[in-house]
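One structure below.
Derivation of every value follows stated rules applied to the coordinates shown; laboratory data play no part. Quick caveat: nothing in here was measured; it's all calculated off a predicted structure. All Cβ positions, even for glycine, are placed from backbone atoms using ideal geometry, and neighbour counts span all protein chains on display.
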Amino acid sequence: MKQYPESYCFTLMEPTDGRIVAIAAVNLKKVQFGFYLMNVAFARLGRVDPNQRRKYLLTTLFSHMSQWRSVRHIDYSQGYTSVTNLPSLSFQRRSLGAEPEAGIVLNSFILPTGLISDSIKLQKLTSEETERLWMIDMIDWTQRPVLSDLRHIMQLNDYVGTFIVGDFASQQFAAAMIWQPSSTVLCDDRLDVNNPYRGQTQSSVSIDIQERFLSALSSMMDADGIPFFLCDVQESSPFKSLLQRRALAATAQFVSRTLISQRMTDVVDHFVNSPIWFDPRDFGALLYFKALPDQISSQL
């Protein structure tokens, strides 16, 4: 996974024939909580041979990884789990002590393009403006990439750009980092359907700017011949209610964070209400979407 500074794969083998019976993949990166620099291990994948289940193999594998985490000075580990994946959530609670936190939920919405005319234009930020956005304007956000990693992200093929609607200078704007990842494909039985754009949004401005921003995003995708796009927002995002009204389908994932270092334990409470930057590199294919009912009920 060349999009990360470091990636590791751990395996558990059957001693008699050397067959792999459990595997875990982890990505390492540095992120910022305010001015604090933290090392995070993102749990990309954990799988067990179906014929070897209920033998606590993943528990054994993760216990062997504890020494590796110590040597690497990992401050915390994190992973995403669908709210419907009850076996994985149960494993995390039982074996890793990782309780999904009700306030850390990632919502993903599928929206159609072409919602309005293309009269509203998006402004694409320069690399310097993007750096300012992440390092200054989003200083209170957690899990922001360090500057060197942000510059690496902006060179990735999947990265389309960071776009805004509104007045950047006066801070009255809505912004989104937009990706068109080759690894994310929506299940669709129609022919010749392109991969969707994926956007992560942040805003502290009026509903009017939010509406204009969403319409501008939709028009940009439609102009590129893309019928749907995927928008990821935190549970507390001001965009959530707007996206719920517009979305064709939705899903949600719990964000499980396991504290490892003492310094992370000491500072995490200071950021409990801070907005979170969810790294699009961490997202895999989203397989389970449900159509939106007329009324949304809580899944927590």
Problem - Calculated FRET efficiency for the pair V272/R245, C-beta based, R₀ 35 Å, to 0.05 - result: 0.75
Problem - Under Karplus coefficients 6.51, -1.76 and 1.60, residue-wise ³J(HN,Hα) of region 276-281 in Hz, glycine/proline x - result: 10, 8, 8, 6, x, 5
Exercise for the section: Return a whole-number percent for the relative contact order of region 1-113, with Cα pairs under 8 Å and 6 or more residues apart as the contact set. Expected result: 19
Practice task
Apply the Karplus parameterisation 6.51 cos²θ - 1.76 cosθ + 1.60, with θ equal to phi minus 60°, to every residue of region 223-234 and state each ³J(HN,Hα) to the nearest whole Hz, in sequence, with x for glycine and proline.
Solution key: 5, 8, x, 9, x, 9, 9, 10, 10, 10, 9, 5
Practice task
Would you please give the residues with an amide H less than 5 Å from that of S7, counting only those at least 5 places away or on a separate chain, with H modeled from the backbone geometry?
Solution key: L28
Problem - Unsatisfied cross-links (Cα-Cα over 31 Å) in the set K2/K55; K55/K240; K121/K240; K30/K240; K29/K240; K29/K124 - result: K2/K55; K55/K240
Handout entry: Separation of the V71 and R47 label points, Cα + 7 Å toward Cβ, nm
Key = 2.6
Problem - Nitroxide proxy distance, nm - points 7 Å out along Cα→Cβ at E235 and E14 - result: 4.1
Problem - Amide H partners (placed H, <5 Å) of D49, local residues excluded - result: A22
Fill in the blank from the handout: Note, region 123-130: 3J(HN,Hα) by Karplus (6.51, -1.76, 1.60, θ = phi - 60°), whole Hz, Gly/Pro = x, goes 9, 8, 6, 6, 4, 5, 5, 5
Practice task
Can you figure out the FRET efficiency of R93 with S127, using R₀ = 45 Å and their beta-carbon distance, to the nearest 0.05?
Solution key: 0.60
